[in-house]
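> Take a look at this one; I'll ask things after.
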Amino acid sequence: MAAKPHIPLDVLRQQVCACHACMLADGRTQTVFGAGNPNARVLLVGEAPGRNEDLQGEPFVGAAGQNLNRLLTLAGLTREEVYIANVLKCRPPSNRDPRPEEIELCAPFLREQTRTIDPEFIVPMGNFATKFILKTDRGITRLHGHLMKAGKFKVFPVFHPAAALYHEEKQLALEDDFVTLGKLLTQQQ
């Protein structure tokens, strides 16, 4: 059986913009598809856009994004080298947690992004992204900083950069994990 053809990211972005499969579409300013290098070795996956992301249409542009930029430097990376996406492409009201039915409806978009980008490493950031990518009920506190596999992908879960803004111990763990990610990337070349 022939492999399913990849959907180009610009076509996939148009599909996301046209999506009204769930109620989140009614409250969005715009969709937040993803941004970065379409040939990245590293795909970072958050859970959902926040207020700033909804307004600007880009992932991780607020305080969590500034923290992520600092963390990327610890791994020897820049935003231009990675691709950043979210499980959900629309902002949940009041930044509430994503609902299972919303994740289910939006998941095909992230799956297609992943197929098209074809990264070596997927870095799920936070509980929702980690549980989704690894198809597990285990939480991020137990899984962060451990290299795992999901299909052909190397998966390296980390805390969400926003959670670290309020918890110093999570920030320290994130910094350690991004240093480890940098080492993994140099070992795998």
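The values are calculated or read from the model by the stated rules, or taken from the named source; none is laboratory data. Computed from a predicted structure; not experimentally measured. Neighbour counts are summed over all protein chains in view; Cβ atoms, including those assigned to glycine, are modelled from backbone coordinates with ideal geometry. The protein model used for the area step is the full one, side chains on, heavy atoms only, and it has no ligands, DNA or RNA in it. Shrake-Rupley method; radii C 1.70, N 1.55, O 1.52, S 1.80 Å.
> Over 17 Å from Val87 (Cβ atoms) and either part of a strand (DSSP E or B) or open to solvent by less than 30 Å² (accessible area, probe 1.4 Å) (or both): is that true of Leu184 in this structure?
Criteria met by Leu184.
> Okay, moving on. Which of the residues spanning region 151-161 are open to solvent by 20 Å² or more (accessible area, probe 1.4 Å) and within 15 Å of Ala129 (Cα to Cα)?
Listed by number, the residues that qualify are Phe153, Lys154, His160.
> Out of everything in region 75-103 that is closer than 14 Å to Ala48 by Cβ and charged (D, E, K, R), what residue ends up being nearest to the chain's Cα centre (by Cα)?
Per the stated criteria, the residue is Lys89.
> Just to verify a result, which residue in region 133-170, among those that are in a helix (DSSP H, G or I) and touching a residue at least 40 places away in the same chain (Cβ under 8 Å), is farthest from Gln113 (Cα to Cα)?
Only one residue tops the list, namely Ala164.
> Every residue in region 122-150 that is among the polar types (S, T, N, Q), surrounded by fewer than 17 Cβ atoms within 10 Å (Cβ to Cβ) and under 16 Å from Ala164 (Cβ atoms), please.
Thr141
> Tell me which of these Cys90 doesn't satisfy, since it passes every other one: (1) part of a helix (DSSP H, G or I); (2) farther than 24 Å from Gly151 by Cα; (3) open to solvent by less than 30 Å² (accessible area, probe 1.4 Å).
(1)
> Being open to solvent by 40 Å² or more (accessible area, probe 1.4 Å) and in a helix (DSSP H, G or I) is the filter here; which residues of region 1-50 pass it?
Answer for region 1-50, where residues must be open to solvent by 40 Å² or more (accessible area, probe 1.4 Å) and in a helix (DSSP H, G or I): Asp10, Val11, Arg13, Gln14, Gln15, Cys17, Ala18, Asp26, Gly27.
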